[in-house]
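To start, the structure under review is shown below, and the notes come after it.
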Ligand SMILES: Cc1ncc(C[n+]2csc(CCOP(=O)(O)OP(=O)(O)O)c2C)c(N)n1
């Protein structure tokens, strides 16, 4: 009879959970020891729990299987919270295994004793402290089933050390894959009626329909009926590039999103939520759907969203319609002094076929979507829950899930510093990741937010909270210290050369792109960079936004 940890690992592996991102301690030592008896489980060490949890998310997004973590009691789980929050918002299936003290040790309130379940409830839809070695296999199978959903969710299994080390455990068989329901006839008919009525209608796609089959189905409906197709603001995974139907993403700035949604009579949700503003702002609306626009939910997160969309294709007679596909086009390589916009241009110009782009470039990445629209086919993984420090760990997980695909991480330097230890895991696992750090020496977006929230114009003490200059972060040294070769680019030519090399060579590389801040403390109304960025947005949006912000 195996011990608890061995049966747990066997249950995970049989249930399709074959990669675990770890940061263990004493209470997890039996799990660690059991790794050698269950070699199908790949364990990958992270130097901070936020890296492990974000990597599990990136792995889940790209593999379609649950990502797993091994974490150390409440403190370790708490350190991983921000990226588990992001995973929850992106509906990634995650199984956390969190070690705990042996059950008989709890009453002594030893140093690491804490309320793990309370930490876990923040982001977990399923939480259980395993009570006995005999039941551990079953608990693990239930955790996998809960994580898989649909919708994908975070399941946290707390594993007391004595439950882990005792003998008498049995692996449990893998859970049966569920059959999610297709939209009801009534929901399909309602959406089809809205589409056919000829009033201004948009499909808002999210979650799983932002992959090729969903995009094609939506584009067929658009070709046959003239409806608009939009994508949610922060997709967990979106396929795009030449040969795929292009989709306009809702803007992060509520002011711009409101322009995109203006005039709509019907909004059909397909695995997406009705759009709301990221934050509340004094005197501005939180709910962005205009009054009088009817919202129809075709498929929710628990449904088979793709089959539901296919049902709508049939209902509106769009089965034979030819979807509009993005023609190939690449920008020229930029020249001269480097700006964030030129850096995006260079990346779009050189983006390799099949790239996975983890985008946490915040303000510096504003023009990447438009510049790369006609680039080779790629996936974009975005910051689903707004908690920064996700981009590098997600790149780790994506590279582990897809070893044959190049991964490009676009990172604001502020965001990069939350989970910079990711570089070490990239080096140790020899992951093919090109990290581009946009170093504008600022929390640039917060300058914009300072203005948008209606706070008084920041004085020097306020501005110091948003300014990262002095000491300047030196990412070339940081990367080298963590085992990743790195270069600094101060011109467009430097950047293009460094990118070409990084993409051509296997293994991780970091490029520090020194760029002026897009917003650099200027007021929104007087920002030439932002104005140029607006020009890259789809034309009607840019026009309306310009009229609003630059009258
Ligand atoms: C966990 C977490 N902490 C803090 C924030 C607030 N925040 C949002 S953006 C940002 C700065 C981002 O800076 P950087 O990555 O350098 O991008 P930039 O704004 O300069 O383009 C901060 C601190 C957050 N969103 N999440």
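The values are calculated or read from the model by the stated rules, or taken from the named source; none is laboratory data. For clarity, every value in this text was computed on a predicted model and none was experimentally measured. Positions of Cβ are generated from backbone atoms using ideal geometry, with glycine treated the same way; all protein chains shown enter the neighbour counts.
Out of 336, 317, 300, which single residue is within 30 Å of residue 490 (Cβ to Cβ) and at pLDDT 95 or above?
336
Could you tell me whether residue 171 is part of a loop (DSSP other than H, G, I, E, B), at pLDDT 95 or above and within 25 Å of residue 10 (Cα to Cα)?
Yes: the conditions hold for residue 171.
Restricting to strands (runs of 3 or more DSSP E) lying wholly in region 201-247: which have 2 or more residues that are in contact with a helix residue (DSSP H, G or I) (Cβ under 8 Å, 6 or more places away or on another chain) and closer than 23 Å to residue 262 by Cβ?
The strands (runs of 3 or more DSSP E) meeting that bar are 201-205, 228-231.
Out of everything in region 248-271 that is surrounded by fewer than 21 Cβ atoms within 10 Å (Cβ to Cβ) and part of a strand (DSSP E or B), what residue ends up being modelled with the lowest pLDDT?
Checked region 248-271; the qualifying residue modelled with the lowest pLDDT is 248.
Does residue 312 fit the bill of being under 30 Å from residue 368 (Cβ atoms), outside any loop (DSSP other than H, G, I, E, B) and in contact (Cβ under 8 Å) with a residue 60 or more places away in the chain?
In short, no.
With (1) over 30 Å from residue 231 (Cβ atoms); (2) in a helix (DSSP H, G or I); (3) touching a strand residue (DSSP E or B) at 6+ places or on another chain (Cβ under 7 Å) as the list, and residue 157 as the residue in question, which single condition is left unmet?
Only one criterion in (1) over 30 Å from residue 231 (Cβ atoms); (2) in a helix (DSSP H, G or I); (3) touching a strand residue (DSSP E or B) at 6+ places or on another chain (Cβ under 7 Å) is unmet by residue 157, namely (2).
Checking the condition more than 16 Å from the ligand (Cβ to nearest atom) and closer than 24 Å to residue 381 by Cα, which residue from 444, 489, 479 passes?
479
Residue by residue through region 323-343, note down the ones that are in contact (Cβ under 8 Å) with a residue 60 or more places away in the chain, under 19 Å from residue 406 (Cβ atoms) and either within 16 Å of the ligand (Cβ to nearest atom) or touching a helix residue (DSSP H, G or I) at 6+ places or on another chain (Cβ under 9 Å) (or both).
333, 343
Pick from 3, 86: which is over 19 Å from residue 428 (Cβ atoms) and more than 16 Å from the ligand (Cβ to nearest atom)?
3
Need a quick list: helices (runs of 4 or more DSSP H) entirely within region 346-417 having at least 2 residues that are away from the ligand (no atom under 12 Å from the Cβ) and surrounded by fewer than 24 Cβ atoms within 10 Å (Cβ to Cβ).
368-371
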